[in-house]
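In what follows, a structure is listed as structure tokens, so that the remarks can point back to it.
The values are calculated or read from the model by the stated rules, or taken from the named source; none is laboratory data. Everything numeric in this text was worked out from a predicted model, so none of it was measured. We place every Cβ from the backbone using ideal geometry, glycine too, and count neighbours over all the protein chains shown. For accessibility, only protein heavy atoms count, side chains too; no ligands or nucleic acids. Shrake-Rupley method; radii C 1.70, N 1.55, O 1.52, S 1.80 Å.
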Amino acid sequence: MAERRQSPMSQALNEARAAAELGEVPVGAVLVDGNGGEILGRAHNRVEALRDPTAHAELLVISAVAQRLGLKRLAGADLYVTLEPCPMCAAAVSFARLRRLYFGAYDPKSGGVEHGPKIFSHSTCHHRPEVVGGLEETQCAALLRTFFAARRPG
């Protein structure tokens, strides 16, 4: 019997769970070749571990894949991330020239795609990926709620 391959968003959720186990905000990202579906890389938040405020899952996976492939732009690649990217990560998606952005939970407080500065809607944004929000939204949002609820005082 053939093994059923997990969807990229399921793999991003696995990354987010791994982040939560390490005490990181549970955000996971998977970068996929948009044409063939090959997984190019995966990452989760590592802000605490690296003591780096820029160590978001999206930046880590984009950087790792670009370095490994020797490319400064990843045109044709699709990013799956469990939370709407912040403005910093949305700008990186644009700079990397990613083809599509799929995200799970919306982030009204810190998002930079559908909320806040809406990076891709600015005339100064040189590249606008296709955006699909709300993919596996319930699971992605529940993981974040559970994580933060466990850290709030009783």
Practice task
Take the chain, connect every pair of alpha-carbon atoms lying under 10 Å apart with a spring to form a Gaussian network, then pick out the residue of 72, 109, 118 with the largest mean-square fluctuation.
Solution key: 109
Practice task
Give the carbon-plus-sulfur fraction of the accessible surface of the range 27-154 in %, rounded to a whole number; probe 1.4 Å, heavy atoms of protein chains only.
Solution key: 53
Exercise for the section: Please work out the average accessible area per residue across the chain, using the 1.4 Å probe convention, and give it in Å². Expected result: 55
Exercise for the section: In whole Å, largest first, what are the principal axis extents of the Cα atoms in the range 55-126? Expected result: 34, 26, 19
Problem - Axial C-alpha extent at least 15 Å, average Kyte-Doolittle at least 0.0 - helices from the chain (DSSP) - result: 57-69, 137-149
Fill in the blank from the handout: Per-residue ellipticity at 222 nm attributable to helices in the chain (runs of n ≥ 4 DSSP H, -39500 (n - 2.57) apiece, nearest 500 deg cm²/dmol) works out to -10500 deg cm²/dmol
Practice task
Could you order 106, 80 so the one with the most accessible surface comes first? Probe is 1.4 Å.
Solution key: 106, 80
Practice task
Roll a 1.4 Å probe over the protein heavy atoms and report the accessible area of residue 114 in Å², nearest 10.
Solution key: 80
Problem - Cα centroid of the range 29-63 to Cα centroid of the range 6-21, whole Å - result: 11
Problem - GNM flexibility winner over the chain from 38, 15, 84 (Cα, springs under 10 Å) - result: 38
Handout entry: the range 101-116 and the range 126-154: distance between their alpha carbon centers, rounded to Å
Key = 8
Handout entry: Label-to-label distance, nm, for residues given as residue 126 and residue 71 (7 Å Cα→Cβ offset)
Key = 1.6
Problem - Debye, to nearest 20: dipole size of the chain, +1 on Lys, Arg Cβ, -1 on Asp, Glu Cβ - result: 240
Handout entry: Among 45, 12, 88 - extreme Cα towards positive end, dipole of the chain, charges at beta-carbon
Key = 88
